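Only one structure is covered here, and it is reproduced in the block below.
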Amino acid sequence: MEEKELKKHQVIPLMGFGTFGRNGKEGVDAILCALETGYRHLDTAQTYDTEFEVGEALRRSGLKRDEIFLTTKISTDNFGPGALVPSLEKSLEALKVDQVDLTLIHWPAPNGRIPLEVYITQIVEAQNRGLTKRIGVSNFTIALLEETEALLGRGKIANNQFELNPILQNKKLATYCQKKEILVTCYLPIARGVLSGEPVLRSIGEKHDATPEQVAIAFELAKGYCTIPTSGRPERIRSNFKASSITLSPEEIARIETIDRNQRVVDPDWGPKWD
């Protein structure tokens, strides 16, 4: 693999801001707050219905387009033959940009009703047309990643986004992705507030004058993952961002690795068979 392929994910800011639930005026205000705080990676999706808000916040921020890394995701409704590229063009219109930095397949086709080849080749077409700089996947298992590599060749997939936090560390999948030079992005990185009472995170947080949620984010960054927490509250938006300045010791990281309990939140009955 060429060196440029091996390093393609290194320009993706590892501290991102998720935009699920950031709808309407309040959503625009939250995204603006994130940009003012220092976030430079915004994560949206067709199914979030926040692409307009992301574009509006970016426009109002006064920041240049190349200062912000934009990720969006293709809905499973747009997997049919000839549907994906027009759907991404519509996303670009909502975002008011000519190109996104990363486009992900949001989920594998529910119950496998559309063959992987049908939609994975379309996302490559979108990249070839210049609609997106990089392509990736979300909620893909090792088996699906292997099938994708067989179809596209090694090195095409820049990112796999899946649920990961200290109580769902997804070690097998995360290790596989890192071995394949696929950047891991953690969604639900603070487990929707469940971590606040976790004793190990609380103990470590006391040593760093940090919350358990901040320790969780610091752990994910220390592992080399991208993390995309979200909130509509300015104080929480800023608190999450401050986690990027926390440096955990190897011993603290090892302690956090012991609290994994495979506690999954997102698990639709039509989803893949998890690793």
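The values are calculated or read from the model by the stated rules, or taken from the named source; none is laboratory data. Keep in mind that this is a model prediction, so the values were computed, not measured. Note: ideal-geometry Cβ built from the backbone for every residue, glycine included; neighbour counts use all protein chains shown.
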Can you name every residue in the range 180-204 that is under 24 Å from LYS73 (Cβ atoms), part of a helix (DSSP H, G or I) and without any contact (Cβ under 8 Å) to a residue 60 or more places away in the chain? GLY193
Conditions (1) more than 18 Å from THR175 (Cβ to Cβ); (2) touching a Lys or Arg at 6+ places or on another chain (Cβ under 7 Å); number of the one not met by ASP275: (1)
Candidate set from the range 30-60 (those that are outside any strand (DSSP E or B) and touching a Pro at 6+ places or on another chain (Cβ under 6 Å)); member that is nearest to ARG236 (Cα to Cα): CYS33
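In the range 205-216, how many are under 9 Å from ILE246 (Cα atoms) and not in a loop (DSSP other than H, G, I, E, B)?
Let us first name the residues in the range 205-216 that are under 9 Å from ILE246 (Cα atoms), namely 208, 210, 214-215.
From what's left, not in a loop (DSSP other than H, G, I, E, B): 208, 214-215.
The number of residues fulfilling the criteria is 3.
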For the range 231-248, indicate whether the set of residues that are more than 17 Å from the chain's Cα centre (by Cα), over 29 Å from GLU36 (Cβ atoms) and not hydrophobic (A, V, I, L, M, F, W, C) is non-empty. no
One residue is enough: does the range 243-262 have a residue meeting the conditions surrounded by fewer than 22 Cβ atoms within 10 Å (Cβ to Cβ), closer than 17 Å to PHE20 by Cα and among the polar types (S, T, N, Q)? no
Need the failing condition index for ILE259 against (1) of a type in the set (A, V, I, L, M); (2) at pLDDT 95 or above; (3) in a helix (DSSP H, G or I), just the number. (3)
What pairs come out if I take residues in the range 247-275 that are over 22 Å from ALA222 (Cα atoms) and pair them with residues that are among the aromatic types (Phe, Trp, Tyr) and assigned to a loop (DSSP other than H, G, I, E, B) whose C-beta lies under 7 Å away, six or more apart or interchain? GLY271/TRP107
Give just the number: which of (1) part of a helix (DSSP H, G or I); (2) among the polar types (S, T, N, Q); (3) touching a strand residue (DSSP E or B) at 6+ places or on another chain (Cβ under 9 Å) does THR230 not satisfy? (1)
Which numbered condition trips up ALA143, out of (1) under 15 Å from the mean Cα position of the chain (by Cα); (2) assigned to a helix (DSSP H, G or I)? (1)
Taking the condition surrounded by 14 or more Cβ atoms within 10 Å (Cβ to Cβ), acidic (Asp, Glu) and modelled with pLDDT of 95 or more, does GLU51 pass? yes
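Going residue by residue through the range 68-75, is there one that turns out to be of a type in the set (A, V, I, L, M, F, W, C), under 26 Å from ARG129 (Cα atoms), in a loop (DSSP other than H, G, I, E, B) and modelled with pLDDT under 95?
At the first step, the residues of the range 68-75 found to be of a type in the set (A, V, I, L, M, F, W, C) are 68-70, 74.
Next cut, under 26 Å from ARG129 (Cα atoms) only: 68-70, 74.
Checking which are in a loop (DSSP other than H, G, I, E, B) leaves us with 68.
Filter once more, so that each one left must be modelled with pLDDT under 95: none.
No: zero hits.
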Would you be able to say whether some residue in the range 91-114 is farther than 22 Å from VAL184 by Cβ, touching an Asp or Glu at 6+ places or on another chain (Cβ under 9 Å), part of a helix (DSSP H, G or I) and of a type in the set (Lys, Arg)? no
Tell me, which residue of the range 170-198 that is under 24 Å from ILE237 (Cα atoms) and in contact with a helix residue (DSSP H, G or I) (Cβ under 7 Å, 6 or more places away or on another chain) is surrounded by the fewest Cβ atoms within 10 Å (Cβ to Cβ)? SER196
In the range 115-140, which residue that is of a type in the set (A, V, I, L, M) and not in a helix (DSSP H, G or I) is surrounded by the most Cβ atoms within 10 Å (Cβ to Cβ)? VAL137
Which one is nearest to ILE228 (Cα to Cα) among residues in the range 54-71 that are surrounded by 22 or more Cβ atoms within 10 Å (Cβ to Cβ) and either of a type outside the set (Ser, Thr, Tyr) or touching a Ser or Thr at 6+ places or on another chain (Cβ under 6 Å) (or both)? LEU70
